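Heads up, the thing below is written out as structure tokens.
The values are calculated or read from the model by the stated rules, or taken from the named source; none is laboratory data. Keep in mind the model is a prediction, meaning the values are calculated, not measured. In this analysis, Cβ positions are derived from the backbone assuming ideal geometry, glycine residues included, and neighbour counts consider all displayed protein chains.
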Amino acid sequence: MTPRSLFLIIIKVLGILMLYQAFVNCKELIFHVMRFLSSTYEGYLNMVMYSLAVVADATVVYLFIFRPEAVIDRMKLDQGFYEEQFTFAMDRRLVMSIVVALSGLYLLMDSIPELTKYLVQYFSSESYNKPGYSGPVYELHSIAFCFVKIVLAYIFLTNHEYIARFITGRREEEDSM
């Protein structure tokens with residue numbers, strides 16, 4: 001294994017772990033957009049800041065997962081090592097598969113308590129029992145995002161080998177040519 005291939009793995013792992021922050025910022029952006037559409041809203045700066053955060057997160061995640069070579073080349077991470085080759089007896093796809101599964105487990109562990117909290121708040125609100133009332137919009141919004149995160153965690157946990165093959169596949173095809 002070369003230092004470049006080790007940095008490829010590390011950067012892709014960081015990209016996968018950064019998906020969580022991207023979801024959090026996306027959730028907040030959608031919350032502000034919903035408030036903007038529902039009534040008079042004065043938090044334009046919040047909406048702009050979360051929009052910028054979502055764009056920045058999406059760009060960094062895309063670069064880290066699908067274009068780590070550009071990051072390594074730009075930052076010159078693979079230069080200055082004394083050894084060109086070193087032994088590391090783990091397949092790149094196996095490492096990526098483990099990281100995807102752990103990311104799914106982390107996402108699941110993070111979203112289940114959050115979902116429980118929002119469900120308790122929603123069902124314990126006094127206005128929940130009024131006919132025609134659908135609950136506070138922010139609670140329904142948060143509940144929906146918790147379900148999305150749980151579904152995403154389920155996909156990560158059940159398809160971690162396929163996702164790892166997808167992420168590492170393009171690089172391995174370039175290596176074989």
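Among the residues of segment 142-165, is any closer than 16 Å to residue 5 by Cβ, at pLDDT 70 or above and of a type outside the set (Ser, Thr, Tyr)?
yes
Just one of the numbered conditions (1) surrounded by fewer than 15 Cβ atoms within 10 Å (Cβ to Cβ); (2) among the charged types (D, E, K, R); (3) at pLDDT 75 or above is not true of residue 4; which one?
(1)
Which members of segment 46-68 meet the condition of being crowded, with 18+ Cβ neighbours inside 10 Å and without any contact (Cβ under 8 Å) to a residue 60 or more places away in the chain?
50, 54, 57, 61, 64
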